[in-house]
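Working notes for the structure below.
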Amino acid sequence: MPAKTLAMLLCSTLFATAQSAPIESRRAPLAVFIGHWEGSGKFAETKFSKPQTVTSSADCNWTPQGSALVCEMVVHDSQGEHRQLSIDTPDSEGSGYTYYTVNPGRRPFYGDLQISGATWVYAPSPEAKDQYPQFRTTNVFSGDTETFKTEFTEDGTHWVTMLEGTMKRTGK
């Protein structure tokens with residue numbers, strides 16, 4: 001192999017390695033969600049929810065190329081079974097995270113995923129600013145337990161809890 005070709009190959013390999021290192025470290029906080037999860041929650045009586053108990057299971061793992069966390073969830077409530085696919089990934093600006101959610105039969109949506117230690121907040125998208133109602137879900141992780149709460153606001157100031165519950169990791 002000519003020296004010039006070898007040098008180009010070495011430089012491109014080093015460049016690719018240098019580019020992947022920040023992605024590896026930025027995706028590290030997402031690893032807390034890897035595994036199989038089982039849980040339940042209770043909806044409150046609100047403008048956007050009716051009192052009921054829900055159960056759910058979720059399986060979360062890295063995408064095949066390792067750039068994002070993907071979670072498939074099945075939720076059972078009084079209306080039946082619902083499926084959801086979520087993708088959590090470092091954002092393109094390098095400063096935070098973005099989530100994308102797909103529910104069959106509904107419009108896909110995305111937003112900002114704010115991670116601070118063990119607390120994750122799935123916030124509305126930047127485009128939703130000043131558009132109401134807005135919804136957010138807060139997850140707090142402690143070992144193999146995730147406590148979650150979903151809230152809405154109609155004014156950007158007062159948040160109303162509509163769902164609370166817990167998930168337990170039952171396998172990795």
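The numbers here are math on the coordinates, done by the rules we state, and not lab data. A quick note: this is a predicted structure, and the numbers were derived from the prediction, not measured. FYI the Cβ positions are ideal-geometry reconstructions off the backbone, even for glycines, and counts take in every protein chain you see.
Checking the structure you have, find out if any residue of region 37-56 is among the hydrophobic types (A, V, I, L, M, F, W, C) and in contact with a helix residue (DSSP H, G or I) (Cβ under 8 Å, 6 or more places away or on another chain).
No, region 37-56 contains no residue that is among the hydrophobic types (A, V, I, L, M, F, W, C) and in contact with a helix residue (DSSP H, G or I) (Cβ under 8 Å, 6 or more places away or on another chain).
For every residue, the table says whether it meets (1) surrounded by 17 or more Cβ atoms within 10 Å (Cβ to Cβ); (2) among the aliphatic types (A, V, I, L, M); (3) part of a strand (DSSP E or B); (4) touching a Cys at 6+ places or on another chain (Cβ under 8 Å).
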position	(1), (2), (3), (4)
ARG107	no, no, no, no
VAL140	no, yes, yes, no
ASP155	no, no, no, no
MET162	yes, yes, yes, no
THR166	no, no, yes, no
THR170	no, no, yes, no
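Contact annotation: residue pairs with Cβ atoms under 6 Å, 6 or more positions apart or on different chains, pairing a residue in region 71-90 that is among the hydrophobic types (A, V, I, L, M, F, W, C) with a partner that is not in a strand (DSSP E or B), are ILE87/ALA68.
The set of residues from region 37-69 being under 13 Å from the mean Cα position of the chain (by Cα) and surrounded by 17 or more Cβ atoms within 10 Å (Cβ to Cβ) comprises ALA58, CYS60, ALA68, LEU69.
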